[in-house]
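Asker: Submitted below is the structure of interest, expressed as structure tokens.
The values are calculated or read from the model by the stated rules, or taken from the named source; none is laboratory data. Since the model is a prediction, treat every value here as computed from it, not as a measurement. All Cβ positions, glycine included, derive from the backbone under ideal geometry; neighbour counts span all protein chains shown. We work out accessible area using only protein heavy atoms, side chains counted, and drop any ligands, DNA or RNA first. Shrake-Rupley method; radii C 1.70, N 1.55, O 1.52, S 1.80 Å.
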Amino acid sequence: MNTPKRWRRTRRLINRIPEWLRLTIVGIFALLLFGLGGIIAWAAFMPIPSIDNFENRAVAQSTKIYDRTGNVVLYDVHGNVRRTAVPLDQISPYIQKAAIAIEDATFYQNHGVRPLAILRSVITDVMTGSYAEGGSTITQQVVKNALLTQDKSIPRKIKEMILAVRLERVYSKDQILQTYLNENPYGGTIYGIQEASQYFFGVDAKDVDLAQAAYLAALPQAPTYFSPYGNHRAALDNRKNLVLTRMNINGYITKDEMTEAMNEQVQFKDEAEAGIKAPHFVFFIREYLEEKYGVDAVNQTGLRVITTLDYDLQQHAEDSVSKYAAGMQKNFNASNEGVVAIDPTTGQILAMVGSRGYFDDTIDGKVNVTTSLRQPGSSFKPFVYATAFEKGYTPDTVVFDLQTQFSTACSPSDYANDTPPCYSPSNYDGTFKGPLKLRNALAISENVPAIKVLYLAGITASIATAQDLGITTLADAAHYGLTLVLGGGEVKLLEMTGAYGVFANDGVKNPPTGILRVEDMKGNVLESYTPASVRVLDPQIARQINDVLSDNVARTPEFGADSPLYFAGKDVADKTGTTNDFKDVWVIGYTPSIVVGAWAGNNNATPMAKKIAAFIIAPMWHDFMSYATDKYPASAFAPPAPDPAHDTLPPVLNGNWNTDSSQGIHDILYWVNKDNPRSGAAGSHGDSQYPYWEYPVQLWAAGQGMGGTAPTASTTDPNAPIGFRILSPQSGSFVASDNAMTISSYYPVPQNIVVINYFFNESPIGASTQPPYAITYVPTAKGPAVIKAVAQTTSGATETQMVSITVQ
């Protein structure tokens, strides 16, 4: 009845509006209707992508690199996101309920939108102009993350609502919730509940407890602000409590459960630990994966990589490096260290520490020193000795350790000249021991005997042996010359450790590997560890090397009986290496079950203090090796078999260097054919090195009163007296201060000796009762000094010998 009247009133009001304004309003409404119609038409004809296709194709998933147990994630290889999708039944019910309680309490009742919540957010957005108000259901958030852009605008919000309604008609609530939880951002590159659970708590999503679930539900609203590693932990705790309160209000948990979870002290993983473990090893593996499968596959296809790494052993290796790093830098100017552990029976890498600190830019910590080229020093010597043993020489073979001129460009009489083109290297302690068995020469790492062994074995053959054992970085023989045996070539710690594993494994090589298994995201095995064993060394040769390198008695004169190279009750073989310029120090040691190599130095190649590896790096190596050999126990090395040709060998191969007095004192080239030492053929008298080796031997023999002739003479006097002499150091030699030197003597009738006492500038420094009557002593005062040896015989008489040296 009042309608016409009301309509007339409305027309009067409209007529009062200026015509231009009426036209403007009509135009605006027309545009809105047109826009709405376009949106409806777009929504009506646009197909909704399959959630399954989205998860499996469009969403990149991270490649996970695990330790050998498959339980410890070492690293998550990803492009822009780290994500691992899991089914809903692998997500804790606490997580599901916490997300629903805080994000969409009516999730299982609504149809994808909540009109009142949307109206409230639209009014707020229009009034503020920010378009930041929420109001989205879980379904709308799935649409936003999966199908739409992240821009904040009213048109996008309208699209979101329409698609949310349609999505609800196609997919179940559980499917939508599963996608939501697998898509949510949790800060930085962390996406999805499984990734977040592992990153923050180190557990799978299915194992998260109530309090942890509340924290995870609290994060997505503002992941950076609420980060547990940031400055707003109190705000995060408050929001976690809000989640728990909402769960209680919605009947998901009891009040007691809520209170208990609010009071629980939840421990988040250390941020550094949450990011990456064993970083150098991880990137070693990643490089391999990218070369084999491609960068995109590694970044996006969700590979599951089970590596060979023993994470417990890795942690102990890192602890040992950390424990000794500061002292090594302070005392020896060694700023960096690396360690590798390998199972010689499989080649599997068990630990890899590529620097003392991956994130330490002051030492180029990201550089992996275990795969970098460095000079090995004397740690290369076992390859040369093994080559000599293969050629027919024996551990008992004797060569003379005397200062020798090896360059044929210089005169044999110029035996002490080391200025190029001459080459006359010294031993580390500046002393020379006279006749030495190869066993002792290798055990105490004398340089002069090693150079002679390299010459006898052959440079080319020695390089071939090293290559057979796994060294890939050496050039041809002409590139090195006789310096090769002292570490003149560049090698990698990883390859050196693997090569020593051949000795440990009785001559069988297993190439170093870091992979046990690689699976795709569906669990299909793409590759798995397959043994690649190959025999590269006769087991008798390997056992001879093991026997020498584990002989603590043989190395005692140089390193002492209780050095870091010795392990009471364990059969451990080891070898040190120090470069001549003191830029690299090495220790590599092994049992039949584990090989551990260690290196120290400076990445910028500056020299360290002038100390041998036994002082600088061996204590750190020993610390880790003790734990490694406890964890991977082994029986003793198999001993080398008796040499069936022992009785027919030339005496010098059996340790007898002075059995034929009619021929005088000579080095090995006098007694055997260099290239066929067991043949019994005449010596290599015509060899170019023969006069160079003979000169110092004759000089030494004459000085010892042992029948040697002056180097210019052609005959010997077999009736010359043989008496008590100090063998090392030689009179007039120079020795380094603060470094251990070996003092030894010769007495012609050992059975008559009770003891030989030694004095340094008249102060007693030690005594010995067994040939070669050796002791070690560390001189500290620089300048001229006198070493005196006093032999006490069974008759009560004493004999005295003295040599003068210079400590510098």
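Asker: Specify which residue in the list 425, 180, 579 is farthest towards the positive end of the charge dipole of the chain, using unit charges on the beta carbon of Lys, Arg (+1) and Asp, Glu (-1), about the Cα centre.
Answerer: Of the listed residues, the answer is 180.
Asker: Using a 1.4 Å probe on the protein heavy atoms only, what accessible surface does residue 114 show? Give it in Å² to the nearest 10.
Answerer: Approximately 60 Å² of residue 114 is accessible to the 1.4 Å probe.
Asker: Oh, and also: Explain nothing, just the number: relative contact order of the chain, from Cα pairs under 8 Å at least 6 residues apart, as a whole percent.
Answerer: 10 percent
Asker: What does the accessible area per residue of segment 484-533 come to in Å², with a 1.4 Å probe and no ligands, DNA or RNA counted?
Answerer: On a per-residue basis, 36 Å².
Asker: Would you mind getting the accessible area per residue of segment 68-115, heavy atoms of the protein chains only, 1.4 Å probe, in Å²?
Answerer: Averaged over the residues of segment 68-115, the accessible area is 44 Å².
Asker: Determine the relative contact order of segment 507-634: mean sequence separation of Cα pairs under 8 Å and six or more apart, normalised by residue count, in whole percent.
Answerer: Values: 167 pairs, mean separation 21.9, N = 128.
Normalised by residue count, the contact order of segment 507-634 is 17 percent.
Asker: Can you pull the accessible area of residue 473 for me, 1.4 Å probe, Å² to the nearest 10?
Answerer: Answer for residue 473: close to 40 Å² accessible.
Asker: For 631, 433, 255, 292, give the ranking by accessible area with the largest first, probe 1.4 Å.
Answerer: Numbers: 631 75, 433 15, 255 140, 292 110 Å².
My answer, sorted largest first, is 255, 292, 631, 433.
Asker: Quote the accessible area belonging to residue 372 in square angstrom, nearest 10, computed with a 1.4 Å probe and with ligands, DNA and RNA left uncounted.
Answerer: Rounded to the nearest 10, the figure is 30 Å².
Asker: Further question: Nothing charged except the Cβ atoms of Lys and Arg (+1) and of Asp and Glu (-1): what's the magnitude of the dipole of the chain about its Cα centre? Round to the nearest 20 debye. Show your work: numbers first, answer last.
Answerer: Working: 64 positive and 77 negative charges, 1018 e Å.
Result for the chain is approximately 4880 debye, rounded to the nearest 20.
Asker: Between (1) 54, 42, 19; (2) 81, 25, 23; (3) 51, 29, 26, which entry matches semi-axes √(5λ) of the Cα gyration tensor in Å as derived from the coordinates of this structure?
Answerer: For semi-axes √(5λ) of the Cα gyration tensor in Å, the calculated option is (2).
Asker: Jot down the per residue volume, in cubic angstrom and as a whole number, of the convex hull over the alpha-carbon atoms of segment 719-808.
Answerer: 87 Å³
Asker: Work out how much length residue 232 to residue 409 would gain on full extension: take 0.36 nm times their residue separation and subtract the Cα-Cα distance, in nm to one decimal. Each step should come with its number before you reach the end.
Answerer: On the way: separation 177, 0.36 × 177 = 63.72 nm, distance 7.56 nm.
Result for the pair: 56.2 nm of gain on full extension.
Asker: Find, among the chymotrypsin sites (Phe, Trp or Tyr not before Pro) in segment 183-253, those assigned to loop by DSSP (not H, G, I, E, B) with at most 16 other beta-carbon atoms within 10 angstrom.
Answerer: Here the sparse-neighbourhood loop sites are 225, 229.
Asker: Could you please put 724, 734 in sequence from largest to smallest accessible area, using a 1.4 Å probe?
Answerer: Values: 724 5, 734 110 Å².
If we order 724, 734 from most to least accessible, we get 734, 724.
Asker: Another question, if that's okay. Taking the 0 to 90 degree range and rounding to the nearest ten, how far is the long axis of helix 233-249 tilted relative to the main principal axis of the chain, both from C-alpha atoms?
Answerer: The helix 233-249 is inclined about 50 degrees to the chain.
Asker: Please report the relative contact order for segment 280-427, taking Cα pairs under 8 Å with a sequence separation of at least 6, and give it as a percent rounded to a whole number.
Answerer: 15 percent
Asker: Quantify, in whole percent, the carbon and sulfur part of the accessible surface of the chain (1.4 Å probe; protein heavy atoms only).
Answerer: 54 percent
Asker: So which of 381/492; 323/570; 433/788 end up more than 19 Å apart, counting from Cα to Cα?
Answerer: With Cα atoms farther than 19 Å apart: 323/570.
Asker: For 291, 195, give me the order by solvent-accessible area with a 1.4 Å probe, most accessible first, ignoring ligands, DNA and RNA.
Answerer: Accessible-area ranking of 291, 195, largest first: 291, 195.
Asker: Next question. Over segment 458-553, what portion of Cα pair distances is larger than 21 Å, expressed as a whole percent?
Answerer: For segment 458-553, the share of Cα pairs beyond 21 Å comes to 47 percent.
Asker: Let me ask something additional. Kindly provide the chymotrypsin sites (Phe, Trp or Tyr not before Pro) of segment 303-410 that DSSP labels as loop, not H, G, I, E or B, and whose Cβ sees at most 14 other Cβ atoms within 10 Å.
Answerer: Sparse-neighbourhood loop chymotrypsin sites (Phe, Trp or Tyr not before Pro): 359.
Asker: Tell me which of 664, 759, 444 sits at the most positive position along the dipole axis of the chain, charges placed on C-beta atoms (Lys, Arg +1; Asp, Glu -1).
Answerer: Value: 444.
Asker: About its Cα centre, how strong a charge dipole does segment 414-572 have in debye, to the nearest 20, once Lys and Arg get +1 and Asp and Glu get -1 at the Cβ?
Answerer: Charge dipole, segment 414-572, about its Cα centre: 280 debye, nearest 20.
Asker: If you don't mind, there's one more thing I want to ask. Just to be sure I understand the model, the point goes 7 Å from the Cα along the line to the Cβ. What's the resulting residue 561 to residue 761 distance in nm?
Answerer: With each label point 7 Å from Cα toward Cβ, the separation is 2.9 nm.
Asker: Charges at C-beta only: +1 for Lys and Arg, -1 for Asp and Glu. How large is the resulting dipole of segment 335-408 about its Cα centre, in Debye rounded to 20?
Answerer: Dipole of segment 335-408, to the nearest 20 debye: 120 debye.
Asker: Would you give the gap between the C-alpha center of segment 452-525 and the C-alpha center of segment 171-210, rounded to a whole Å?
Answerer: Here the answer is 46 Å between Cα centres.
Asker: A further question on this structure: Rounded to the nearest 500, what is the 222 nm mean residue ellipticity of the chain from helices alone, with -39500 (n - 2.57) per DSSP H run of 4+ residues and division by all residues?
Answerer: Details: 26 runs with 302 residues, N = 808.
It lands at -11500 deg cm²/dmol.
Asker: Give the residue from 107, 510, 773 lying farthest towards the positive end of the charge dipole for the chain; charges sit on Cβ (+1 for Lys and Arg, -1 for Asp and Glu) and the dipole is referred to the Cα centre.
Answerer: Checking the options against the dipole of the chain, the answer is 107.
Asker: Residues with amide H under 5 Å of residue 754's amide H, sequence separation 5 or more or different chain, H placed in the peptide plane at 1.01 Å from N; which?
Answerer: 792, 793, 794
Asker: In Å², what does the accessible area per residue of segment 277-399 work out to with a 1.4 Å probe?
Answerer: Solvent-accessible surface per residue comes out at 34 Å².
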